[in-house]
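Please read the structure below before turning to the comments.
No value in this document is a laboratory result; all are computed from the given coordinates. These numbers were taken from a predicted model, which means no experiment stands behind them. Methodologically, a virtual Cβ is constructed for each residue, glycine included, from the backbone with ideal geometry; neighbour enumeration extends over all protein chains shown.
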Amino acid sequence: MQQEVFVRGEEAGVLRNPQDSKLTAWFKLNQEDATARQFLYTEIPQHYVWDAPNKKWLRRKTNTGERVITRLYAVNPKNTESSYLRLLLLHTPGALSYEYLKTYHSHIYATYRDVCVARGFTASDDEWRMTMDEATQTKIPKNIRQLFAFIVALYTPTDVRQLWN
């Protein structure tokens, strides 16, 4: 779901050599730098800085002691595959590719949801509890109620009352 800009007549070149996003550049960083593999996607900005013109991550030269704010975009729970991809990014350090994220115990799963189930991320209401906990940190009450209603209406949490509390 990465956006690309096409110039009329140069479409084939863009398709052969797409620009890296921060995520695909993280995959490349993990392939080239073994030190980076210990970090989750959300931890990378604490140790590397994004070089926007060159579309790549560079190791931070100094630790100034300043706090680094990282952000992983919120995903609508209705967009299930993106939600499961986000869940994997929050729990998988050093991913080398999208296929790497879909692999668990040497088996490549067809979807991000399937690998999340295999890894036990969706075996309980923990996923929804984490979603609600995160929402309470960043959303206003109206949005939290709407998110809760989406979760209950579209998914099947086992203990709705506990999730609400």
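Points worth noting:
One line per residue, one yes/no per condition, for (1) surrounded by 15 or more Cβ atoms within 10 Å (Cβ to Cβ); (2) touching a residue at least 12 places away in the same chain (Cβ under 8 Å); (3) part of a helix (DSSP H, G or I):
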site: L90; (1), (2), (3): no, yes, yes
site: A110; (1), (2), (3): no, no, no
site: V115; (1), (2), (3): yes, yes, yes
site: F121; (1), (2), (3): yes, yes, no
site: T131; (1), (2), (3): yes, yes, yes
site: A135; (1), (2), (3): yes, yes, yes
site: Q146; (1), (2), (3): no, no, yes
site: A149; (1), (2), (3): no, no, yes
site: L163; (1), (2), (3): yes, yes, yes
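- Qualifying residue in region 49-72 (condition: free of Cβ contacts under 8 Å to residues at least 24 places away in the same chain and crowded, with 17+ Cβ neighbours inside 10 Å): no
Condition check ((1) farther than 24 Å from D126 by Cβ; (2) in a strand (DSSP E or B); (3) under 19 Å from the mean Cα position of the chain (by Cα); (4) among the acidic types (D, E)) across all residues:
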position	(1), (2), (3), (4)
L15	yes, no, no, no
Q19	yes, no, yes, no
A25	yes, no, yes, no
A36	yes, no, yes, no
E43	no, no, yes, yes
V68	yes, no, yes, no
Y73	no, no, yes, no
E81	no, no, yes, yes
Y84	no, no, yes, no
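- Cβ separations smaller than 9 Å between residues 6+ apart or across chains give no pair from region 5-27 residues that are more than 20 Å from A95 (Cα to Cα) and in contact (Cβ under 8 Å) with a residue 60 or more places away in the chain to residues that are surrounded by 11 or more Cβ atoms within 10 Å (Cβ to Cβ) and of a type outside the set (F, W, Y).
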